[in-house]
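Single-structure report; data block below.
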Amino acid sequence: MPSKPDAGSAQNLRLIDRFLEMMAAERGAAPNTLAAYRRDLEAYAADCGTDVKAAGPDAIRAHLAGLAAQGLAKSSAARKLSAIRQFHRFLHGDGLSRDNPATAIDSPRAARPLPKTISRQEVERLAETARARVKAAKGKQLLKAWRMLAMIELLYATGLRVSELVGLTRTAATAEKDFILVRGKGGRERLVPVSGPAREALAGYLAVLGAQSKWLFPSSGAAGHLTRQHFAIELKALAREAGLAPGAISPHVLRHGFATHLLDGGADLRAVQQMLGHADISTTQIYTHVQADRLRDVVEAHHPLAKKS
């Protein structure tokens with residue numbers, strides 16, 4: 001029989017449960033976020049020993065050193081440290097520990113990678129392939145073909161996170177003629193404008209869907225709607241059919257394409273921030289680096305005084 005956890009370990013797990021309950025109730029943390037926090041904090045508590053409330057800065061440093069020794073990327077280590085910091089802030093704020101040892105720990109620094117993006121031509125190839133599927137589909141395949149076309153058009157037209165897209169309700173997507181209501185991270189809501197082609201694809205999809213569910217993209221799974229993973233798999237299959245490299249295409253890449261192409265067309269950075277649902281504009285500013293790289297390439301390729309190799 002498996003051994004029972006000792007009293008200290010059980011207490012640590014109860015504290016983690018209390019922290020996650022607070023994150024869900026007060027901050028509206030998404031289920032995926034809560035699951036990630038649980039994994040990170042349970043691994044940290046196991047390294048700390050019997051009483052995580054008594055952990056000091058050295059315990060956190062030792063845990064991070066162990067992660068680094070396993071080859072964990074600095075960006076992943078920083079995410080785990082963020083969970084540990086919030087956990088200790090919660091313990092200290094609720095009077096469960098004397099201090100917050102995480103305040104003495106610096107975040108692992110790593111260069112922020114530029115987002116992978118997609119060209120306008122590649123987006124159009126995806127959409128054309130999806131439209132061709134609609135024209136050729138019959139019977140039960142017709143709904144699936146319309147669904148893919150609607151999802152691609154909506155994702156590229158709005159820049160939604162994939163979790164926001166699959167979790168759309170029918171009401172949120174149809175209540176306003178030219179906008180959809182999105183519930184993003186932390187339960188924050190925002191109105192996002194929708195283009196004409198996306199509206200047309202959505203109307204065609206809804207005509208085939210009929211009145212089935214409150215979800216815009218219903219499924220028989222536990223969530224009641226299509227999962228992120230299922231959509232990502234279907235999108236890669238469409239990319240392969242369109243003659244694109246499946247490994248280079250994902251829902252997140254389409255979101256990046258939306259932001260990059262808007263900024264290329266002269267859109268205001270603040271407006272793009274609002275549509276993406278970024279709490280901090282510094283997150284949106286990474287797309288200006290993508291633009292800077294492109295402008296530099298243009299200058300090096302075409303300016304008469306640029307050095308030629």
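The values are calculated or read from the model by the stated rules, or taken from the named source; none is laboratory data. These numbers come from a predicted model, not from an experiment. Using ideal geometry, Cβ is built from the backbone for each residue, glycine included, and neighbour counts are taken over all protein chains shown. Just so you know, the surface numbers come from the protein's heavy atoms only, side chains and all, with ligands and any DNA or RNA stripped out. Shrake-Rupley method; radii C 1.70, N 1.55, O 1.52, S 1.80 Å.
Descriptive notes on the structure:
- Restricting attention to region 155-174 and to residues that are in a helix (DSSP H, G or I) and hydroxyl-bearing (Ser, Thr, Tyr), the residue that is most open to solvent (accessible area, probe 1.4 Å) turns out to be Thr171.
- Top-ranked residue of region 254-278 - restricted to ones that are in a helix (DSSP H, G or I), under 21 Å from Ile180 (Cβ atoms) and among the aliphatic types (A, V, I, L, M), ranked as most open to solvent (accessible area, probe 1.4 Å): Leu262
- Take the conditions (1) open to solvent by less than 30 Å² (accessible area, probe 1.4 Å); (2) without any contact (Cβ under 8 Å) to a residue 12 or more places away in the chain; Ala130 misses just one of them, which is (2).
- Selection status of Lys177, open to solvent by 70 Å² or more (accessible area, probe 1.4 Å) and within 18 Å of the chain's Cα centre (by Cα): no
- Region 26-43 residues that are over 22 Å from Gln11 (Cβ atoms), paired with ones that are of a type in the set (Phe, Trp, Tyr) (beta carbon under 9 Å, 6 or more apart): Ala29/Tyr37
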